[in-house]
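Before any comments, here is the structure.
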Amino acid sequence: MENKSLKQIIANRHEKLDKIRQLGVNPYPYEFNITHSTLEITKDCIDQNVSVAGRVMSLRRMGKAAFANIQDEKGRVQLYIARDDVGEDNYNLFKLVDIGDFIGIDGIVFITKTEAITVKAEKVTILSKNLRPIPDVKEKDGEKYNSVSDKELRYRKRYLDMIINPETKDNYITRFKMINSIREFLNKNGYIEVETPVLQPVYGGANAKPFKTFHNALDQEFFLRIATELYLKQLIVGGFEKVYEMSKDFRNEGIDRSHNPEFTMLEFYQAYSDYNFMMDFVEEMLKKIAEDLDVKKISWDGNDIDLTKKFARKTMDELIKEHTGHSIDLTDIKAVFDVCKKLDLKVKKTDSLAKMIDEIMRRKVEPNLINPTYVMNHPVEISPLAKVNRDGDTDFTERFELFIAGMEFANGFSELNDPIDQRKRFEDQSAKKNSGDEEAFPVDENFLEAIEIGMPPTAGVGIGIDRLVMLFIDTRWIRDAIIFPTLKSLK
RNA sequence: GCCGACGUAGCUCAAUGGUAGAGCAGGGGCCUUUUAAGCCCUUGGUUGUAGGUUCGAGUCCUUCCGUCGGUACCA
């Protein structure tokens with residue numbers, strides 16, 4: 001795997017490591033006292049004594065003196081190391097420094113002939129010896145040369161990506177701030193954060209293929225959760241009135257630019273409220289996030305999105321009429337089928353009504369929902385945990401999905417709390433599963449028993465956190481939002 | 001899953017089917033205000049893998065591995 005060229009470089013670094021030790025210096029010392037980060041070295045610091053540390057990213061040696069640039073978490077600063085300033089012994093030690101090493105510098109800030117703010121070293125300390133080369137990226141006028149273009153390397157070795165492309169870190173800082181903002185919002189509103197099992201004996205709460213695993217001592221199969229819904233609702237049964245969980249969920253499905261097998265989901269449930277309340281609440285939450293991140297308009301994938309305006313709320317039949325021009329009775333399967341055909345959609349006569357409606361929504365409506373839009377009132381068949389409409393239309397549910405820039409960001413509903421109806425819905429799911437629908441979920445008797453004990457009227461929402469990050473960092477790739485995305489192992 | 005593209009030195013890239021190259025990094029020199037530092041010299045390759053076609057394969061064909069893009073699934 002490692003060929004001669006790389007071996008040669010590594011062997012050379014090991015030799016230098018030995019030489020450092022022979023000089024009586026520990027190449028991996030325990031601490032270094034820093035007075036300034038690289039970005040804190042400014043004109044105001046001129047003539048001041050400072051101590052800075054970071055990874056050596058470039059070296060320009062000129063015999064008895066050298067310039068170097070070190071990089072820390074926030075940025076870079078230039079160093080000037082001259083033999084006559086640091087002394088012969090320290091300069092000999094500095095000769096053993098490579099690009100990639102961590103070093104610490106005690107020195108004085110000055111400005112070079114070319115007006116670059118620079119730390120003139122009085123002492124160089126090796127903080128960690130690099131034994132494996134990092135790609136050497138040159139930069140001029142903000143343009144990078146020899147930058148790593150191999151995406152595989154960037155994903156497999158994210159640390160290299162972060163070293164070479166420090167702006168990569170910004171995505172994860174935004175992610176951190178966003179999650180903080182969400183927690184703040186929910187906590188402020190009286191929510192309790194809980195943790196429910198990742199290992200579940202029966203999976204449910206979403207339609208997805210699960211990962212299976214096995215507990216040896218219990219001699220029992222478990223599933224990695226595909227959702228937290230059924231546990232969180234049990235907590236509402238138990239007496240909590242506002243709960244949330246920020247969870248890693250796992251779905252054993254295809255990987256593409258907006259799907260990763262493990263992903264982060266926020267689910268929250270509030271007793272005594274319905275989906276209308278939750279639409280307001282989610283809207284308020286997103287506006288707060290945008291405010292906390294200081295974002296007013298989002299330019300995402302070429303679309304300008306205005307988060308400050310009121311989110312649109314439209315039922316499926318309204319949206320279908322608006323985007324296809326066809327006004328149809330969504331309970332009339334023949335009418336829906338005919339419209340599908342007129343729209344050139346791939347549907348079969350044997351498909352279910354829900355599938356046909358979904359096909360229209362997915363192909364003709366959702367891609368056009370650029371500014372935030374709540375899609376409401378989904379067919380009951382594809383909403384097994386949602387209450388049917390209160391106006392008596394039992395084919396459709398009090399459910400909403402939030403679309404922004406053609407992508408789904410949230411899914412919520414007035415939670416079904418009628419135990420008898422809920423059992424029937426589970427049985428429908430189970431029947432589908434038995435007839436080959438791999439994404440249908442099985443009957444969860446424990447959950448049904450809890451619902452029989454009684455759950456108050458409740459509304460709940462799930463929000464895909466990774467996708468929300470994608471929105472705020474302006475990327476179409478979930479791999480930019482997940483720091484270590486799932487990749488196939490090399491054999 | 002399907003379709004397509006790609007895989008050459010540590011990194012970025014060359015090479016009509018005809019001797020595998022360059023820049024940077026690495027090594028040896030010179031060089032005390034450079035910044036893609038510069039100048040001289042220099043090491044480094046089973047061209048992802050295994051086969052095949054051919055006098056001759058980085059290049060053409062097939063297998064496998066991996067990545068990317070699209071598509072399907074993921075309401």
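The values are calculated or read from the model by the stated rules, or taken from the named source; none is laboratory data. Everything numeric in this text was worked out from a predicted model, so none of it was measured. Every residue, glycine among them, receives a Cβ derived from its backbone with ideal geometry; neighbour counts consider all protein chains shown. Heads up: the accessible areas ignore ligands, DNA and RNA and are worked out on the full protein's heavy atoms, side chains in. Shrake-Rupley method; radii C 1.70, N 1.55, O 1.52, S 1.80 Å.
Remarks
- Applying 0.36 nm per residue to the separation of A:TRP477 and A:ARG363 and subtracting their alpha-carbon distance, the gain on full extension is 39.0 nm.
- Each Cα pair under 8 Å and six or more residues apart adds its separation to the average, and for the stretch A:4-134 the resulting relative contact order is 28 percent.
- Rounded to 5, the percent of DSSP beta bridges in chain A classed as antiparallel: 90 percent
- Computed E for A:ASN49/A:HIS215 - FRET, C-beta separation, R0 56 angstrom, nearest 0.05: 0.40
- In a simple Cβ point-charge model (Lys, Arg +1; Asp, Glu -1; nothing else charged), chain A has a dipole of about 2280 debye relative to its Cα centre.
- Backbone N within the stretch A:367-397 under 16 Å of label point (7 Å from A:ALA312 Cα along the Cβ vector): A:367-377
- Efficiency of FRET from Cβ geometry, A:LYS346 and A:VAL194, R₀ 60 Å, rounded to 0.05: 0.90
- On full extension, the segment bounded by A:LYS177 and A:GLU322 gains 48.5 nm, given 0.36 nm per residue less the C-alpha separation.
- Portion, in percent, of the accessible area of the stretch A:4-134 that falls on carbon or sulfur, probe 1.4 Å: 49 percent
- Cα-based helix-to-principal-axis angle, A:333-342 vs chain A, degrees rounded to 10: 50 degrees
- Projecting the Cα atoms of A:THR350, A:LEU186, A:ALA82 onto the charge dipole of chain A, computed from C-beta unit charges around the Cα centre, puts A:ALA82 farthest toward the positive end.
- Helical mean residue ellipticity (222 nm; -39500 (n - 2.57) per DSSP H run of 4+; nearest 500) of chain A: -9500 deg cm²/dmol
- Taking each of A:LYS348/A:LYS424; A:LYS314/A:LYS488; A:LYS123/A:LYS157; A:LYS321/A:LYS349; A:LYS177/A:LYS321; A:LYS341/A:LYS488 in turn, the alpha-carbon distance tops 30 angstrom for A:LYS314/A:LYS488; A:LYS123/A:LYS157; A:LYS177/A:LYS321; A:LYS341/A:LYS488.
- For A:ILE173, net neighbour charge (Lys/Arg +1, Asp/Glu -1) across residues whose Cβ lies under 14 Å away: -2
- Using a probe of 1.4 angstrom and keeping all protein chains present, the accessible surface of the stretch A:4-134 works out to 55 square angstrom per residue.
- Solvent-accessible area, 1.4 Å probe, carbon plus sulfur percent, for the stretch A:300-355: 48 percent
- Peptide ranges A:186-195, A:162-171 listed from the most packed, as the mean C-beta count within 10 angstrom indicates: A:162-171, A:186-195
- Listed peptides A:280-290, A:127-137, A:370-380 by packing density, highest first (mean Cβ within 10 Å): A:370-380, A:280-290, A:127-137
- Packing order of peptides A:11-20, A:335-344, highest average first: A:335-344, A:11-20 (average count of other Cβ atoms within 10 Å over each peptide's residues).
- Placing a label point 7 Å from the Cα of A:ASP421 along the Cα-to-Cβ direction, the residues of the stretch A:372-399 whose backbone N falls under 15 Å of that point are A:377-399.
- Taking 7 Å steps out from each Cα toward its Cβ at A:TYR272 and A:LYS296 produces label points 3.8 nm apart.
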